[in-house]
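The block underneath contains the structure these notes are about, expressed in structure tokens.
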Amino acid sequence: LSHERSAAQAALGAAILDHVLSGIVALSHDGSVSYVNRPAAELLGRGPEECPRLHASQLFGAGAAAEILPQASASPAERRLALDLSRKDGGTLHAGVSVIQPPAGAIDDVGVLVLFRDLDEQRGAEDELRRAEGQAALGRMVAGLSHEIRNPLAAIQGLANVLMAECPEEDPRFEPARRIGELVARMDRLLAACVEAGTPGPAHLETVPAPVLVERALEALPPRWREDGPQVTESAGDLRVLADAAQVVQCLRALVENACEAAGSAAGVRVAVARSAGTRGDRHVHIEVRDAGPGVPPPLLRRIFEPFYSTKPDHLGLGLAVAQALALRNRALLEACSRPGHTVFTLSLPAARRA
Amino acid sequence: MPFRLLVVDDEEAIGFALKRYFERQGLEVDVTQDVDEARALVAARDYAVVMADLRLRGTCGHEGLDLIDHVRGRSPQAHCILLSAYTSEELEQAARARGARLLLRKPIGLPELWRHVQELL
């Protein structure tokens, strides 16, 4: 019985270690790997089963291993380091590393415990949080301002209507009054667009296949972009994401419309759905919208999600700002990269857990 | 006897425009910017329609909703229309639950507003 209980406890311990956010590696006194948890293997681009035979220098790279492995004379301690760890695919993981050296004999045959996290992912999450906070503050300001402006607008509209009601159409005052009404309607539409850009409603997240979102976004395009339609080049039907379907469809639609406008045609626009190739394996699903337009120079690219920023004449410059706001609501990351001859927008949505 | 309309809005120019427009349509129109005065008017006179702004004290409050409660108690035959520079599904539900017939977003053209009033009368 006690044997069964300890086996159950060991299984529980292993399950917990495989689901923490940090990579954990135990090294023996000779520097060979005696344990890795699943996040550690994923971060280093390896299968968990192949790690225990390796030396620390093979697992982390020689330079990082030299930093991690303690000097013979070192006394037990904990050290924190920022290191570039080598991934199996030749890439580099920028990691925040804690090296814990337990007192001799404290844990059987464990010389060093190494805990590490992907610094880029952590910084990305911090940037995303800052952006979300900024967006929320801007949203509140726009909503408040629009409320304050709409009251006097309502008065202007009412006064124009009074003038129109009191003058026959041939009266010279009638036409100016009518034009005032038109301008009020235009300002109101502008305010509505700003409020939408600043404060999309809360996202009601559900599990939904990513290709369905793409399909619905393409169906929602204006007719002029649907005929030579954008092509879906890659679409794995089993990729499910956690998203508010209506909001993400609206976001994708804005991206595809932007791509069609940038290229002047829908024919060269490509949409692809793919699983994340990042260090954390299957956590995100990427939807890429690619156009064959002239490309956006770097100084302009940096401002591309700003409200009221547009490189196209006669554009309000809110389409991509709305798309970014919707992405943030859905805990998704929306990024743009551009070279002469093409621009790619990538929407990275959280993958739904497989049932 | 003409229908009587009460307009409650803290934006004076809105009250001015609504009074002038709806009197031209043959209604008798009272206007106030003040909630307490609006309550007193509702207690003293029979209105066919009460048209109130949602926020009446320049705050984030929903005094218009409270005014509807008062109108429903004192003058149940009166139709209530709420006007607001901001609307949402939740606000619309709240307005209906309190007995408002309509929640309309500002700015709204007066011919359109008049069509809504005619439908209620």
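Each reported figure results from applying straightforward, stated rules to the coordinates on display, with no laboratory input. Everything quoted here is computed from the prediction, not taken from an experiment. All Cβ positions, glycine included, derive from the backbone under ideal geometry; neighbour counts span all protein chains shown.
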Cross-link partners among lysines for B:Lys19, C-alpha distance below 22 Å, same-chain residues fewer than 8 apart left out? B:Lys106
Once you've got the GNM for chain B with C-alpha springs shorter than 10 Å, pick whichever of B:Gly109, B:Gly99, B:Gly64 has the biggest mean-square fluctuation. B:Gly109
Amide H neighbours of A:Tyr35 under 5 Å, at least 5 residues apart or on other chains, H built in the peptide plane: list them. A:Ala26
Using eta = 1.567 mPa s and T = 4 °C, Stokes-Einstein with Kirkwood Rh from Cα pairs puts D for the protein assembly as shown, in µm² s⁻¹, at 47 µm²/s
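Report relative contact order for the range A:1-71 in percent, whole number only (criteria: Cα-Cα under 8 Å, sequence separation at least 6).
Working: 76 pairs, mean separation 15.1, N = 71.
RCO, the range A:1-71: 21 percent.
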Any residue on another chain or 5+ positions along whose placed amide H is under 5 Å from the amide H of A:Gly61 is listed here as A:Ser86
Below 8 Å between Cα atoms, with a sequence gap of 6+, how large is the relative contact order for chain A in percent? 12 percent
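From other protein chains only, count the Cβ atoms within 10 Å of every residue's Cβ in B:12-20, then give the mean.
Numbers: counts 1, 7, 8, 2, 4, 10, 5, 2, 7.
Across B:12-20, the average partner-chain Cβ count within 10 Å equals 5.
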Using θ = phi - 60° and the Karplus relation 6.51 cos²θ - 1.76 cosθ + 1.60, list the HN-Hα couplings for the range A:266-274 in order, rounded to whole Hz, with x at every Gly or Pro. 8, 4, x, 8, 10, 10, 10, 10, 8
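Summing -39500 (n - 2.57) over the DSSP H runs of n ≥ 4 in chain A and dividing by its residue number, what mean residue ellipticity at 222 nm do you reach, to the nearest 500 deg cm²/dmol? Please list the in-between numbers first.
On the way: 11 runs with 157 residues, N = 355.
For chain A, the value works out to -14500 deg cm²/dmol.
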Over all Cα pairs of the range B:18-121, the Kirkwood radius sets Rh, and Rg/Rh then becomes 0.92
So, over other residues within a Cβ distance under 9 Å of A:Leu205, counting Lys, Arg +1 and Asp, Glu -1, the net charge is -1
Per-residue ³J(HN,Hα) for the range A:289-294, Karplus 6.51 cos²θ - 1.76 cosθ + 1.60, θ = phi - 60°, Hz, x for Gly and Pro: 10, 10, 10, 10, x, x
If you take the charge dipole of the protein assembly as shown about its Cα centre, with +1 on Lys and Arg Cβ and -1 on Asp and Glu Cβ, which of A:Leu83, A:Pro222, A:Gly198 is farthest toward its positive end? A:Leu83
Scoring chain B by relative contact order with C-alpha pairs under 8 Å, at least six apart, yields a percentage of 22 percent
Using the Kirkwood formula on alpha carbons, the hydrodynamic radius of the range A:1-72 in angstrom works out to 13.3 Å
Estimated vicinal HN-Hα couplings, Hz - the range A:47-58 in sequence order (Karplus 6.51, -1.76, 1.60; Gly, Pro = x): x, x, 6, 8, 6, x, 8, 8, 8, 3, 5, 7
In whole angstrom, note down how far apart the Cα centers of the range B:3-19 and the range B:83-99 are. 20 Å
When the helix-only estimate is applied to chain B (DSSP H runs of n ≥ 4, each -39,500 (n - 2.57), divided by the residue count), what is the mean residue ellipticity at 222 nm, nearest 500 deg cm²/dmol? -14000 deg cm²/dmol
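Within 10 Å of each Cβ in A:161-168, how many Cβ atoms from other chains are there, averaged over the peptide? The partial results should precede the final answer.
Working: counts 12, 9, 3, 4, 7, 3, 0, 0.
Mean shielding count: 5.
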Sorted by mean Cβ packing within 10 Å, highest first, what order do the peptides A:135-141, B:13-19 take? B:13-19, A:135-141
If amide hydrogens are placed 1.01 Å from N in the peptide plane, which non-local residues have theirs closer than 5 Å to the one on A:Val112? A:Leu27
